[in-house]
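Colleague: Structure provided below as C-alpha cells; questions to follow.
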C-alpha cells in the first residue's frame, strides 16, 4: 500500500523509518519531509503541512491508503477531517478531538468533570486578575498558554517574580487567548503513548522519559524536549497500569461521553506524586523526541498496529529488549531567538543514528541548521548505560562551529 506522512521533523523521520519496515508498505510519501527522509520516501517539500487542499489532492493522486499526521498544527487545522472525507484512513484525531492538545482549558475542563487526576487550576483572560491569583497562591506554580506552543508554552516558575514575568510574556500578544495557572506537582515525570480509537485503548508497554528544560540539571526554560530515553526501567508496569486505568481509559471514555470520537495517539505527560500518578498534559500526537526512541525500539509491524487499532482488535505490541537514548543538539539561543544557517558536518557512519529535526543537507556530509532543535543523536545498547555512552560518543563525532549548537550532558542520568 501507499502511505503518507505529514510533517518534516525528527518525529516524522522516525515515523517514516517505522513505516518503511512494514511488509505492507509499497511507497511512502512525506509532506514536507526533510533531506534525511528522502532515503525512505518521496518528499514533497513544495507542499506545506498546512496546505490541506494540496495534501488531499496528493493523497488522491498517489492512491494513499494510510496517512499518519505527525505535528499538532495540521491536526488543529482539520487535516484529518479533510483526508477522511477523501476516503483515506488517517491516524491522527480530527479537529474537534485534537482540542485535547490545542486547548489546555478544554482538557482541564474534561479532567475535572470526570475526576481524572490532575493539578488544581484556574483559567484567566486578564493579566491583572492572573497576577493577583499568583500572588495569592505563591510559588512554585505553573503557567501555561492555552493553544499550541510546540511544547514551549509552559513556564514552571519557582519564584513569584518568575511567574509574574511569565504572565507578562504570555499576555504580551493581548488577552484574547486564555492562560491556565496550575498547582505545581512534585515527582518524577514520564511520557506514555497510548493508541486510542473511541473507547478502545492500546498502551505502549514501555514508557519514555523526556528532558524538557534547556540545560543540565533540569534548569533553564522549557523546550520542546532536549533528549529522551526508553525504556524507563525504574518506572514499573504497575505505574503504567495505574496511568492507563485512572487517566487514559477514563479520558478516552470521557471523550466518547462528550460526543467525540478520538482516533490517534493519546500522549500522556504524567507525574508520579505522593498521591499517585497525575496528569501534567495530554498531547494529540507522538511526542518528539520520545517517538524517535520508542518507534526505534518497536518491533511490531507499524501498519499491522494501525489496522488493529482501527478495527479495535486485541493486539500485543512487541518492543526490543534494548535501551535507546537520544540527545538533542539545538541552535544557540533556543528556545528563544536563534540563528539559522550554521554549518554542521555529520559523518556518513552516523546516518542511521540521527533523526533530522531542523537540518538542510548541502552536499556529502555537510549540512546547515534550519531550526531551533537541529537533530537527535541516538545510541542503543543492552543497558541504558551502554545506550547513553554510545549516544554521547556519537554526539562527539558531529562537527560544528564553536558554540553554534548546544546539548545537555545529563540525558538519562536519572535512569542509569
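Colleague: Quickly run through the stretch 238-281 and pick out the residues that are crowded, with 19+ Cβ neighbours inside 10 Å and on the phi > 0 side of the Ramachandran plot.
Modeller: 264, the sole residue that qualifies.
Colleague: Kindly indicate which of 416, 377 is free of Cβ contacts under 8 Å to residues at least 60 places away in the same chain and buried (at least 21 other Cβ atoms within 10 Å of the Cβ).
Modeller: Details: 416 fails: buried (at least 21 other Cβ atoms within 10 Å of the Cβ).
Answer to the check: 377.
Colleague: Given the conditions (1) surrounded by fewer than 24 Cβ atoms within 10 Å (Cβ to Cβ); (2) over 30 Å from residue 180 (Cα atoms), which single one is not true for residue 34?
Modeller: (1)
Colleague: So which residues in the stretch 297-334 are surrounded by 20 or more Cβ atoms within 10 Å (Cβ to Cβ) and farther than 30 Å from residue 261 by Cβ, if there are any at all?
Modeller: 323, 324, 325, 326, 327, 328, 329, 330, 331, 334
Colleague: Just the residues that are surrounded by 13 or more Cβ atoms within 10 Å (Cβ to Cβ) and more than 23 Å from residue 290 (Cα to Cα), please, taken from the stretch 348-361.
Modeller: Within the stretch 348-361, the subset surrounded by 13 or more Cβ atoms within 10 Å (Cβ to Cβ) is 350, 353-361.
Listed by number, the list holds a single entry, 361.
Colleague: Something else: Which condition number in (1) buried (at least 24 other Cβ atoms within 10 Å of the Cβ); (2) in contact (Cβ under 8 Å) with a residue 60 or more places away in the chain; (3) over 15 Å from residue 282 (Cα atoms) is the one that residue 88 fails?
Modeller: For residue 88, the exception is condition (1).
Colleague: With respect to residue 397, determine if the residue is over 23 Å from residue 213 (Cβ atoms) and either out of contact with any strand residue (DSSP E or B) (no Cβ under 6 Å at 6 or more places or on another chain) or surrounded by 16 or more Cβ atoms within 10 Å (Cβ to Cβ) (or both).
Modeller: Yes; evaluated as a whole, the condition is true for this residue.
Colleague: Residues in the stretch 6-27 that are buried (at least 24 other Cβ atoms within 10 Å of the Cβ) and not in a helix (DSSP H, G or I): how many?
Modeller: 4
Colleague: Only one of 235, 181 is under 30 Å from residue 77 (Cα atoms) and crowded, with 16+ Cβ neighbours inside 10 Å. Can you tell me which?
Modeller: Numbers: 235 fails: under 30 Å from residue 77 (Cα atoms).
Only one candidate qualifies: 181.
Colleague: Evaluate the following for residue 95: is it modelled with pLDDT of 95 or more and more than 20 Å from residue 273 (Cα to Cα)?
Modeller: Details: modelled with pLDDT of 95 or more: yes; more than 20 Å from residue 273 (Cα to Cα): yes.
Taking the combined requirement at face value, the residue satisfies it.
Colleague: Out of all the residues in the stretch 222-229, is one or more over 22 Å from the mean Cα position of the chain (by Cα) and either surrounded by fewer than 22 Cβ atoms within 10 Å (Cβ to Cβ) or modelled with pLDDT under 95 (or both)? Give the derivation first.
Modeller: Taking the stretch 222-229 as the starting set, the residues that turn out to be over 22 Å from the mean Cα position of the chain (by Cα) are none.
The answer is no, given that none of the residues of the stretch 222-229 is over 22 Å from the mean Cα position of the chain (by Cα) and either surrounded by fewer than 22 Cβ atoms within 10 Å (Cβ to Cβ) or modelled with pLDDT under 95 (or both).
Colleague: Of the residues that make up the stretch 142-163, is at least one within 30 Å of residue 65 (Cβ to Cβ) and modelled with pLDDT under 95? Write out each step before concluding.
Modeller: So the first thing to find is which residues in the stretch 142-163 are within 30 Å of residue 65 (Cβ to Cβ), and the list is 148, 150.
Within this subset, residues satisfying the condition of being modelled with pLDDT under 95 are 148, 150.
Checked the stretch 142-163: at least one residue is within 30 Å of residue 65 (Cβ to Cβ) and modelled with pLDDT under 95.
Colleague: Which helices (runs of 4 or more DSSP H) does the stretch 236-307 wholly contain that include 3 or more residues that are farther than 27 Å from residue 325 by Cα and without any contact (Cβ under 8 Å) to a residue 40 or more places away in the chain?
Modeller: On the way: elements: 237-243, 249-257, 290-297.
Ranges flagged: none.
The values are calculated or read from the model by the stated rules, or taken from the named source; none is laboratory data. Everything numeric here is computed off the predicted structure, so don't read it as measured data. As a convention, Cβ positions derive from the backbone with ideal geometry for all residues, glycine included, and neighbour counts pool all protein chains shown.
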